[in-house]
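Participant: Dropping a structure here in structure tokens format, bear with me for questions.
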Amino acid sequence: MFEPISNPRVFAVPLGTDFPQEVVSGLREKLLNYPPQDIAQVQLIVNTSRMARRIKSLFDTGTATLFPRIQLLSDVGAQVAAEYTPSVSPLRRRLELIQLISHLVKQQPDLASRASIYDLADSLAGLMEEMQGEGVSFDSIDALDISDQSGHWARAKTFLSIVRHFVEGTDQAPDAQLRQRMIVERLAADWETAPPQHPVILAGSTGSRGTTMLLMQAIAKLPQGALILPGYDFDTPSSTWDSLSDGMNSEDHPQYRFRKLLDLLNLDHQAVIRWRNSKPINPARNRLVSLALRPAPVTDQWRTDGPRLTCLDTATQSISLIEAPSMRLEALAIAARLRQAAQEGLTAALITPDRMLTRQVSTALDRWDIEPDDSAGTPLQLSPPGRFLRHVVSLFQNKLTSETLLTLLKHPLTHSGENRGPHLRNTRELELWIRRKGITFPDPQDFAIWSAAQKEPPENWVAWLTSAFCGYEQPGDQPLVDRLAAHIRLAELIAQGSSDGAGELWQKKAGREARKVVDDITENAGIAGAVSANDYSDLFGAILARAEVRDRDSGHPNILIWGTLEARVQGADLVILGGLNEGSWPEAPSPDPWLNRKMRFDAGLLLPERRIGLSAHDFQQAIGAPEVWLTRAIRTDEAETVPSRWVNRLSNLLSGLSEQGGHRALEDMKRRGDKWLAIAAQLETFEPMPPALRPSPTPPEASRPNHLSVTEIKRLIRDPYAIYAKHVLRLRPLNPLMRTPDALLRGIIIHDILEEFIRCADGNDAITRERLISIAETVLAKNVPWPTARALWAARLDRVAEYIVASEHKRMKRAVPTAFERKAKSRIGELDFTLTAKADRIDQGANGDLILYDYKTGAPPSRDEQLYFDKQLLLEAAMAEQGGFADLDPSNVADAIFIGLGNSPKDVAAPLDAVTPSQVWDEFVTLITCYKVEGKGFTSRRAMHSDTDTGDYDQLARFGEWNASDTPNSEDLS
């Protein structure tokens, strides 16, 4: 197939071409005059399964032919691999290292948090794999000179020496990278003595890893061996190639890996042969981009080589530059262009490492029912089984909460066997009951009470509910094997439900992938030791986060989302390079807690810039497509962004070539982008709707409320619309799922404490600070499950305890407590209206006069507020004088007092000296007559205390579209 030559045989495909298509076309051309069966002798090695599939599909087109022997890079050497011990599981190695790192973090907590233990183990295992792949021994690490480094790196080096002895003493099974390197070294040695005579071609690799570089050297030296390099820049001059010799300063250049390979093969860059005589799609663009991406030390070549660039308009005529104000507009513009491509039947690909951008684009495409074919898929932890398993873990960490319970009960995999419908109905009813009762930590007794209140108690479902969710809190250390087994048993129990059928936890592709991960953990969990519930949750979540699930058949065949690697293996009519900001593309190098940049260079490891160089090569390859979009967001949700260095260089170079039309070409690129930004902005525009008017509905007389409580009269005066919504529309605010220690609960608790304190007092001798604190501790422990709130409320009560005791002695001298939480009812017969009340406390003096008390944990209403708005105590006084309180005869009310127990405790008396109870009642009858008979509108926010006050029904009233100064819009609803 190949003519004999003395040098290693290295071919290359120029930038901007469809690499798999070029490989296939070149093979056909070179074997055109050979017998048809000779192609079956060609051993074609590719680096990804995606490229293998693409090459097979290209061979399927056209006339019938035999296939070459297509092999993945990871499968090379299968004939000698059986002689080597199978590699240890990557997860096993990480679990082994967890024990070491856990002890390190325990001894030196300033190093990292416990939640990052698995991440540290993963990075350390990655370092060890890299050392094995690059042929760097621990001796090289031990020999590093760190005399001028900080103490952190000295500590890291010391720890690595400990890891060395641990790894060498575990077992003889090698890691995957070491085993692959051993196989490649053995294969290279065998080829030196007995080289294969059939063609061996390695296509598509840049030699970014040491083991791959070894294999490439061995193949290039075979009699019929050849390398086919992707995206080789034939326009790079010799002076630029010479500048790439210094890896410390040039590793981020897109062609650096090729320079390193050629150096190892003792070849000059001009010795690289074109694989075939095809031309790039846009040679002028390749020359422009090549100059723009020159290494930083030789950027001054712009001045000499820039004026020689020609055809800048041709180079940029199919490039659009989009600089969107926000990531959302960037995503919308991309989605709009992809939609048009789908309509036109074009193949369009979005290439970006920014997963947030890809999710936003996918969401925007959903409005047109377009699902892109995403090569990256979905992280397993975000798939339904991944989320479900992580939610189940939380049952072992903390006491069961209503939020955790309902989150799991509503998950699509919960009770996914039979009778899913009744399960959802029961879940809905249970949630409403939990919200209504304010239960934060449900238990089996609560479930039994709820079940008994149902018309048809779901006994089987409640039995399953109790067995599946209660009593699993285990925060202490347990062996990982036991924790995992308990986790999976519980997950399967919850997924199965109360029926006999099996759940769907392990079904579909995501479920099967989750099962594989669980099986891998199960196989290796025995070496991990004991872990706490929190550590297990972090560990399990981190393992899930590193797996992905993808449905290859669900996406649109022509609308594609690729990672940067796919730019090498696929061709598309339209390529969109998205998220071109520093930190996104190129991605910022991941922090290495073990070795800094200089230590890596001295040890012979890969520099952090290696990934930037690979990304630069992917960018240079992708920008040569027929039509290209370069997109970025000027600002994210957090801050201004910095343009990607490649966009910056291209823009600066064009701006400096004004005489050749560079500045005009750049403006044209932006103008084409602005056109699509305008289209994206139109997608976000809508016809303005007229704002709602301030509502003041007047319902029919029969529908108007005929009973209210005294506490609601304040609301009737200040916000009548809230009364309308509650009593006419019969709407109730939905209580939060997780009851919080709010002011309402605090008021209830204080009422309970003071009621027990006063009710059970046997004379003044029992009114003591010590007894008050003792009662408070008991009531708080029983009713306040939040430790922080319990301690805070106890401290607040302790601060006012002396005031409570002293003032209570004065009250006891004046009158005797007679009633607590006593209900009252008064009726206005002519209006068919009933007023209800419940007094916190009623004392009665020796002369029979009553004194009404109401406890306030906040600030009690002032005298003026009681006169005009807050009529609670005044109305209770009127009801008491009318005999409205049960078991209390009509009596004169001597006083009515708010007992304020806030930060500044004080008593505030109702203004009975300014308005008598009978006068209050007459005014109240007039008020009810206005709403009940005269048809006064229930105006929203009629007289709020402050504009910042919020009401339960403000959203229903569409407050915000109008303000308190607007005239109410009367609505006759009769």
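Participant: Let me spell it out: the conditions are (1) free of Cβ contacts under 8 Å to residues at least 24 places away in the same chain; (2) under 25 Å from residue 403 (Cβ atoms); (3) not β-branched (Val, Ile, Thr), and residue 760 meets all of them except one. Which number is the exception?
Facilitator: Of (1) free of Cβ contacts under 8 Å to residues at least 24 places away in the same chain; (2) under 25 Å from residue 403 (Cβ atoms); (3) not β-branched (Val, Ile, Thr), only one is false for residue 760: (2).
Participant: If you don't mind, there's one more thing I want to ask. Where in segment 285-383 are there helices (runs of 4 or more DSSP H), lying fully within it, with 3 or more residues that are in contact with a helix residue (DSSP H, G or I) (Cβ under 7 Å, 6 or more places away or on another chain) and buried (at least 19 other Cβ atoms within 10 Å of the Cβ)?
Facilitator: Once the helices (runs of 4 or more DSSP H) in segment 285-383 are filtered for at least 3 residues that are in contact with a helix residue (DSSP H, G or I) (Cβ under 7 Å, 6 or more places away or on another chain) and buried (at least 19 other Cβ atoms within 10 Å of the Cβ), what remains is 312-316, 327-344, 355-365.
Participant: Name the residues in segment 401-454 that are farther than 26 Å from residue 732 by Cα and either of a type in the set (Ser, Thr, Tyr) or not assigned by TED's automatic domain parsing to the domain that holds residue 388 (or both), would you?
Facilitator: 414, 416
Participant: Among residues belonging to segment 757-785 that are of a type in the set (A, V, I, L, M, F, W, C) and closer than 21 Å to residue 903 by Cα, point out the one that is farthest from the chain's Cα centre (by Cα). Spell out the reasoning first.
Facilitator: Restricting attention to segment 757-785, the residues satisfying the condition of being of a type in the set (A, V, I, L, M, F, W, C) are 757-758, 760-761, 766-767, 772-773, 775-776, 779-781, 784.
Narrowing further to those that are closer than 21 Å to residue 903 by Cα: 757, 772-773, 775-776, 779-780, 784.
Details: 757: 49, 772: 47, 773: 45, 775: 45, 776: 42, 779: 40, 780: 37, 784: 32 Å.
The residue in question is 757.
Participant: Yes or no: segment 651-659 includes at least one residue that is in a helix (DSSP H, G or I) and in contact with a His (Cβ under 6 Å, 6 or more places away or on another chain).
Facilitator: Yes, segment 651-659 has at least one match.
Participant: Tally time: how many residues in segment 551-581 are at pLDDT below 85 and touching a helix residue (DSSP H, G or I) at 6+ places or on another chain (Cβ under 8 Å)?
Facilitator: 9
Participant: Determine whether residue 158 is crowded, with 17+ Cβ neighbours inside 10 Å and hydroxyl-bearing (Ser, Thr, Tyr).
Facilitator: Here the answer is no, as residue 158 does not meet what is asked.
Participant: Can you name the number of the only condition in (1) modelled with pLDDT of 90 or more; (2) outside any strand (DSSP E or B) that residue 898 fails?
Facilitator: Going through the list (1) modelled with pLDDT of 90 or more; (2) outside any strand (DSSP E or B), residue 898 breaks only (2).
Participant: Restricting the search to segment 146-156, which residues are part of a helix (DSSP H, G or I) and free of Cβ contacts under 8 Å to residues at least 60 places away in the same chain? Reasoning before the result, please.
Facilitator: Start the filter on segment 146-156 by keeping residues that are part of a helix (DSSP H, G or I), which leaves 151-156.
Within segment 146-156, 151, 152, 154, 155 qualify.
One line per residue, one yes/no per condition, for (1) in the same structural domain as residue 602 (by TED's automatic domain parsing); (2) at pLDDT below 80; (3) surrounded by fewer than 13 Cβ atoms within 10 Å (Cβ to Cβ); (4) not in a helix (DSSP H, G or I):
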{"residue": "120", "(1), (2), (3), (4)": "no, no, no, no"}
{"residue": "130", "(1), (2), (3), (4)": "no, no, no, no"}
{"residue": "140", "(1), (2), (3), (4)": "no, no, no, no"}
{"residue": "144", "(1), (2), (3), (4)": "no, no, no, yes"}
{"residue": "164", "(1), (2), (3), (4)": "no, yes, no, no"}
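Participant: Let me ask another. Could you check residue 882 against (1) under 13 Å from residue 822 (Cα atoms); (2) touching a Phe, Trp or Tyr at 6+ places or on another chain (Cβ under 8 Å); (3) in contact (Cβ under 8 Å) with a residue 40 or more places away in the chain; (4) not basic (Lys, Arg) and say which number it fails?
Facilitator: Single failed check for residue 882: (1).
Participant: Collect the residues in segment 284-311 that are basic (Lys, Arg) and over 46 Å from the mean Cα position of the chain (by Cα), keeping them in residue-number order.
Facilitator: 303, 308
Participant: While we're looking at this one, here's another question. Which ones in segment 166-179 are at pLDDT 75 or above and out of contact with any helix residue (DSSP H, G or I) (no Cβ under 6 Å at 6 or more places or on another chain)?
Facilitator: Quick first cut of segment 166-179, residues at pLDDT 75 or above only: 174-179.
Those that are at pLDDT 75 or above and out of contact with any helix residue (DSSP H, G or I) (no Cβ under 6 Å at 6 or more places or on another chain): 174, 176, 179.
Participant: Please return the ranges of helices (runs of 4 or more DSSP H) entirely within segment 562-649 where 2 or more residues are surrounded by fewer than 23 Cβ atoms within 10 Å (Cβ to Cβ) and among the basic types (Lys, Arg).
Facilitator: 597-603, 609-622
Participant: Being among the charged types (D, E, K, R) and closer than 17 Å to residue 50 by Cβ is the filter; apply it to segment 329-380 and report the residue that is nearest to the chain's Cα centre (by Cα).
Facilitator: Applying the filter and picking the extreme gives 374.
Participant: Do any helices (runs of 4 or more DSSP H) lying entirely in segment 466-552 carry at least 2 residues that are without any contact (Cβ under 8 Å) to a residue 40 or more places away in the chain and either crowded, with 16+ Cβ neighbours inside 10 Å or among the charged types (D, E, K, R) (or both), and which ones are they? Walk me through it before giving the result.
Facilitator: Working: elements: 480-496, 508-524, 533-545.
Ranges flagged: 480-496, 508-524.
Participant: Assigned to a helix (DSSP H, G or I), at pLDDT below 90 and out of contact with any strand residue (DSSP E or B) (no Cβ under 6 Å at 6 or more places or on another chain), is that true of residue 27?
Facilitator: Numbers: assigned to a helix (DSSP H, G or I): yes; at pLDDT below 90: no; out of contact with any strand residue (DSSP E or B) (no Cβ under 6 Å at 6 or more places or on another chain): yes.
Here the answer is no, as residue 27 does not meet what is asked.
Participant: Further question: Here are some residues: 585, 594. Which one is of a type in the set (Phe, Trp, Tyr) and out of contact with any Leu (no Cβ under 7 Å at 6 or more places or on another chain)?
Facilitator: Being of a type in the set (Phe, Trp, Tyr) and out of contact with any Leu (no Cβ under 7 Å at 6 or more places or on another chain) holds for just one of 585, 594, which is 585.
Participant: Quick check: anything in segment 793-804 more than 49 Å from the chain's Cα centre (by Cα) and among the aromatic types (Phe, Trp, Tyr)?
Facilitator: Yes, some residue in segment 793-804 is more than 49 Å from the chain's Cα centre (by Cα) and among the aromatic types (Phe, Trp, Tyr).
Participant: Under 28 Å from residue 182 (Cα atoms), surrounded by 13 or more Cβ atoms within 10 Å (Cβ to Cβ), of a type outside the set (D, E, K, R) and in contact (Cβ under 8 Å) with a residue 60 or more places away in the chain: does that describe residue 48?
Facilitator: So residue 48 fits the description; yes.
Participant: Confirm whether residue 235 is farther than 15 Å from residue 46 by Cβ and not in a loop (DSSP other than H, G, I, E, B).
Facilitator: No.
Participant: Still on this structure, I have one more. Taking only pairs six or more apart or across chains, which ones have beta-carbon atoms under 9 Å, a first residue in segment 196-224 that is without any contact (Cβ under 8 Å) to a residue 40 or more places away in the chain and part of a loop (DSSP other than H, G, I, E, B), and a second residue that is among the β-branched types (Val, Ile, Thr) and surrounded by fewer than 21 Cβ atoms within 10 Å (Cβ to Cβ)?
Facilitator: Close Cβ pairs (under 9 Å, with a partner that is among the β-branched types (Val, Ile, Thr) and surrounded by fewer than 21 Cβ atoms within 10 Å (Cβ to Cβ)) do not exist here.
Participant: Condition check: touching a residue at least 24 places away in the same chain (Cβ under 8 Å), under 23 Å from residue 517 (Cα atoms) and in contact with a Phe, Trp or Tyr (Cβ under 9 Å, 6 or more places away or on another chain). Does residue 104 satisfy that?
Facilitator: It is false that residue 104 is touching a residue at least 24 places away in the same chain (Cβ under 8 Å), under 23 Å from residue 517 (Cα atoms) and in contact with a Phe, Trp or Tyr (Cβ under 9 Å, 6 or more places away or on another chain).
Participant: Related question: From 922, 907, 889, grab the single residue that is part of a loop (DSSP other than H, G, I, E, B) and not small (Gly, Ala, Ser).
Facilitator: 889
The values are calculated or read from the model by the stated rules, or taken from the named source; none is laboratory data. It should be emphasised that the depicted structure is a prediction, and the values quoted were computed from it without experimental measurement. For neighbour counting, all protein chains shown are included, and Cβ atoms are generated from backbone atoms with ideal geometry for every residue, glycine included.
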